[in-house]
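Everything below concerns the one structure shown next.
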Amino acid sequence: MKFDLNKPHDSIFQATLSDGLRSQAVPRAHMEPWQAELLADELPVPLDGSFVDEDLRSSQSDKLFEVKLRDGQPGFVYALLEHKSYPDPGTALQVLKYKVRILEMYAQGRAGRLRALPTVIPLVFYHGAQRWTAPGSLAEMVATKDERLRALEPSFGYYLRELTVIPVERLASDPGARAGLVALRHSHAGGEAEKMRLLPEVVAGPPDHSDFEKQVLLYLMAVWKIPARTLAKVAEQAKPGRGENMVGQVVQELIDRGEAKGEAKGLARTLTRLLERRFGPLPRAVSGRISVASARELDARFMVLLDAQSLSEVFPDVDRD
């Protein structure tokens, strides 16, 4: 699974939930205790595919798990990541649509299945800076105050998992899964001191030499904005003998991605995205310089960016006024 710099939250969420022990640890950790007790001993099975509306895929990501209940009946756990920086008041209605799509996929129009639909447990993960204030069910969205009419409306709710308020140790038992969720937890919120305190655990969590290890480092550089030099020092402490090499491979991958897209043009796009993530919208003079720079010049500025603390360190020779 390739990490998409244009969709970093989606990439790290999918990577966290799509493989090995991580995909098994997260659903059970975030279900209600009574729900987990109803599950059979079989581990949750992550399924391919997305049920999110096309126009919402830039702000939502999802993962469906197949489970079996102790009574022998099938079931599903649906994990939806809401990665807007604010609570969406339409979430309950969106979750209902996605549940219907899941049930339609399961039933396939077969009468026997339509008469015995499985349970779908919806978990909504949110990591925005603002506290969640959106309605927790469709029933809460209905305007009428008439209790007789309200009684006609099923709840159609979801279980909110607000990552920024859940203690780190409760995010997941598996170190890799916890690393991915901690990375998301502090993508919009949390001060620099808190991030640096948690950074060693996040770096140490993923399995050695795994794709997930690289994906977490990419996320830390692109979203947490950790300079390569700092990340290498922390990685060396977390995984002695591998730190500098780990970060060096990630840096080289970023460079290779740019080159693979067509030398200067690809490097320019990659450099622009990383600069904007680190320092915000670019002045016109900087954008203009990037657009006419050679691949060699862009590569040199790219390497400076990895440890730079300000835009002026990357472009000291450009008049931004």
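The values are calculated or read from the model by the stated rules, or taken from the named source; none is laboratory data. Predicted model only: the values in this text are computed from it and were never measured. Backbone-built Cβ (ideal geometry, glycine too); neighbour counts: all protein chains shown. Remember, those area values only see protein heavy atoms, side chains included, never the ligands or the DNA or RNA. Shrake-Rupley method; radii C 1.70, N 1.55, O 1.52, S 1.80 Å.
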Worksheet item: Can you tell me the accessible area per residue over the chain, all protein chains present, probe 1.4 angstrom, in square angstrom?
Response: 49
Item to complete: Please name whichever of 141, 163, 122 sits farthest to the positive end of the charge dipole of the stretch 118-200, dipole taken about the Cα centre and charges placed at Cβ: Lys and Arg +1, Asp and Glu -1.
Response: 163
Worksheet item: Is the stretch 169-226 rounded, prolate or oblate when judged by the Cα gyration tensor, a ≥ b ≥ c being the square roots of its eigenvalues, rounded requiring a/c under 1.5 and prolate requiring a/b larger than b/c?
Response: oblate
Worksheet item: Which one of 245, 271, 151 has its Cα pushed farthest toward the positive end of the charge dipole of the stretch 134-272, where Lys and Arg give +1 and Asp and Glu give -1 at the Cβ?
Response: 271
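Please give the FRET efficiency for residue 295 paired with residue 208, using the beta carbon to beta carbon distance and R0 = 30 Å, rounded to the nearest 0.05. Don't skip to the end; give the middle numbers.
Details: r = 33 Å, r/R0 = 1.10.
Between residue 295 and residue 208 the formula returns 0.35.
Please state the charge dipole magnitude for the stretch 38-165, taken about the Cα centre, from unit charges on C-beta atoms (+1 on K and R, -1 on D and E), reported in debye and rounded to the nearest 20.
Values: 16 positive and 17 negative charges, 52 e Å.
Dipole magnitude for the stretch 38-165 comes out near 240 debye.
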Item to complete: Pop a pseudo-label 7 angstrom from the Cα along the beta-carbon direction at both residue 170 and residue 45 and give the gap in nm to one decimal.
Response: 3.2
Fill in: Computed FRET value (nearest 0.05) for residue 150 with residue 34, which takes r as the C-beta separation and R₀ as 45 Å
0.95
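Which percent, to the nearest 5, of DSSP beta bridges fully inside the stretch 17-132 are antiparallel?
Details: 13 of 21 bridges.
Of those bridges, close to 60 percent are antiparallel.
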Fill in: Residues with amide H under 5 Å from that of residue 161, placed H, sequence gap 5 or more
124, 125, 126
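Provide the FRET efficiency to the nearest 0.05 for the residue 100-residue 21 pair, computing r from the beta carbons and using R0 = 35 Å. Mind showing how you got there, number by number?
Working: r = 31 Å, r/R0 = 0.89.
Approximately 0.65, to the nearest 0.05.
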Discussion item. Give me the dipole magnitude in Debye, nearest 20, for the chain about the Cα centre, with unit charges on the beta carbon: positive for Lys and Arg, negative for Asp and Glu.
Written reply: 320
Item to complete: Kindly report, to the nearest 10 Å², the accessible surface of residue 119 as traced by a 1.4 Å probe over protein heavy atoms only.
Response: 70
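Out of the total accessible area of the chain (probe 1.4 Å, heavy atoms of protein only), what percent is carbon and sulfur? Before the final figure, lay out the partial values.
Numbers: 8040 of 15580 Å².
Looking at the chain in its full context, I get 52 percent from C and S.
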Worksheet item: Which of rounded, prolate, oblate describes the stretch 62-157, given a ≥ b ≥ c as roots of the alpha-carbon gyration tensor eigenvalues and a/c under 1.5 marking rounded, otherwise prolate only if a/b is larger than b/c?
Response: oblate
Worksheet item: Taking amide H positions as placed 1.01 Å from N in the peptide plane, with prolines and chain starts having none, which residues 5 or more places from residue 119, or on another chain, fall under 5 Å of its amide H?
Response: 76
